[in-house]
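J.: Below: one structure in structure tokens.
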Amino acid sequence: MAVTRTFSIIKPDATRRNLTGAVTKMLEDAGLRVVASKRIQMTKEQAEGFYAVHKERPFFGELVEFMISGPVVVQVLEGEDAVKRNRDIMGATNPADADEGTIRKCFAESIEANSVHGSDSDENAKIEIDYFFKPEEIVG
Ligand code: UDP
């Protein structure tokens, strides 16, 4: 299995409850290494651009408002099969459907305020990493 990278966001509901460390520990315990990390306040334009794929969905406006409602921690994670490994430890989008032991089962408040984002493919991981990080900010 190849070592790859994925992109993660610790969302405002989690930073607000001081769960940055707890979420990061679950990522690390799942075999992922944090090779870049920064705490930022996203602008509306940044959030709209990031979630542009969802712009026709009914929840888009609320999702953007949620993502700018407080600081987020954007991270690049590295590990074997990183995209899948991260999706597995995140759990289902809706915490009601998430498996025991996943981040969203442990911490998510709702289908919207679900504590973490993770890229869904290697291709999107590259696009999302490039959206938030300069190459020199990533130290493997
Ligand atoms: N979302 C929402 N309502 C929905 C579905 C999704 O607010 O009915 C939000 C939620 O924060 C989710 C994000 O939109 O994490 C992106 O949705 P996606 O279907 O890509 O889920 P994910 O890949 O994050 O599991």
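The values are calculated or read from the model by the stated rules, or taken from the named source; none is laboratory data. No experiment lies behind these values; they were computed from the predicted model shown. Reconstructed Cβ throughout: ideal geometry from the backbone, glycine too, with neighbour counts over all protein chains shown. To get the accessible areas, we keep the full protein, side chains included, count just its heavy atoms, and leave off ligands, DNA and RNA. Shrake-Rupley method; radii C 1.70, N 1.55, O 1.52, S 1.80 Å.
J.: Working only within segment 27-67, note down all residues that are β-branched (Val, Ile, Thr) and either open to solvent by less than 40 Å² (accessible area, probe 1.4 Å) or more than 16 Å from the ligand (Cβ to nearest atom) (or both).
T.: Going residue by residue through segment 27-67, those that are β-branched (Val, Ile, Thr) are 34-35, 40, 43, 53, 64.
If the condition is that a residue be β-branched (Val, Ile, Thr) and either open to solvent by less than 40 Å² (accessible area, probe 1.4 Å) or more than 16 Å from the ligand (Cβ to nearest atom) (or both), then 34, 35, 40, 43, 64 are the ones that fit.
J.: Can you say whether residue 86 is assigned to a helix (DSSP H, G or I), among the polar types (S, T, N, Q) and over 21 Å from residue 22 (Cβ atoms), as far as the supplied structure shows? Steps first, answer last, please.
T.: Numbers: assigned to a helix (DSSP H, G or I): yes; among the polar types (S, T, N, Q): yes; over 21 Å from residue 22 (Cβ atoms): no.
Spelling it out, it is not the case that residue 86 is assigned to a helix (DSSP H, G or I), among the polar types (S, T, N, Q) and over 21 Å from residue 22 (Cβ atoms).
J.: Of all residues in segment 112-127, count the ones that are within 22 Å of residue 98 (Cα to Cα) and of a type in the set (D, E, K, R).
T.: Adding up the residues that qualify gives 2.
J.: Mind checking which residues of segment 1-25 are charged (D, E, K, R) and in a helix (DSSP H, G or I)? Give the derivation first.
T.: In the first step, residues of segment 1-25 are kept if they are charged (D, E, K, R); the result is 5, 11, 13, 16-17, 25.
Answer for segment 1-25, where residues must be charged (D, E, K, R) and in a helix (DSSP H, G or I): 13, 16, 25.
J.: For segment 101-139, name all the residues that are more than 16 Å from residue 11 (Cβ to Cβ), buried (at least 20 other Cβ atoms within 10 Å of the Cβ) and within 15 Å of the ligand (Cβ to nearest atom).
T.: 125, the sole residue that qualifies.
J.: Shifting gears a bit: In segment 26-61, what residues are basic (Lys, Arg) and either in a helix (DSSP H, G or I) or in contact with a Gly (Cβ under 8 Å, 6 or more places away or on another chain) (or both)? Walk me through it before giving the result.
T.: Filtering segment 26-61 for residues basic (Lys, Arg) gives 33, 38-39, 44, 55, 57.
Answer for segment 26-61, where residues must be basic (Lys, Arg) and either in a helix (DSSP H, G or I) or in contact with a Gly (Cβ under 8 Å, 6 or more places away or on another chain) (or both): 33, 44.
J.: Hey, could you check segment 68-86 for residues that are touching a residue at least 60 places away in the same chain (Cβ under 8 Å) and small (Gly, Ala, Ser) and say which is nearest to the ligand (Cβ to nearest atom)?
T.: Ranking the candidates gives 82 first.
J.: Of (1) surrounded by fewer than 18 Cβ atoms within 10 Å (Cβ to Cβ); (2) within 13 Å of the ligand (Cβ to nearest atom), residue 89 satisfies all except one. Which?
T.: Just one mismatch for residue 89, condition (1).
J.: To continue, here is another question. Taking the criterion of being over 15 Å from residue 132 (Cα atoms) and in a strand (DSSP E or B), would at least one residue in segment 71-78 satisfy it? Let's see the steps before the verdict.
T.: Taking segment 71-78 and keeping what is over 15 Å from residue 132 (Cα atoms), we get 78.
Checking which are in a strand (DSSP E or B) leaves us with 78.
Checked against the condition, which is being over 15 Å from residue 132 (Cα atoms) and in a strand (DSSP E or B), segment 71-78 yields at least one hit.
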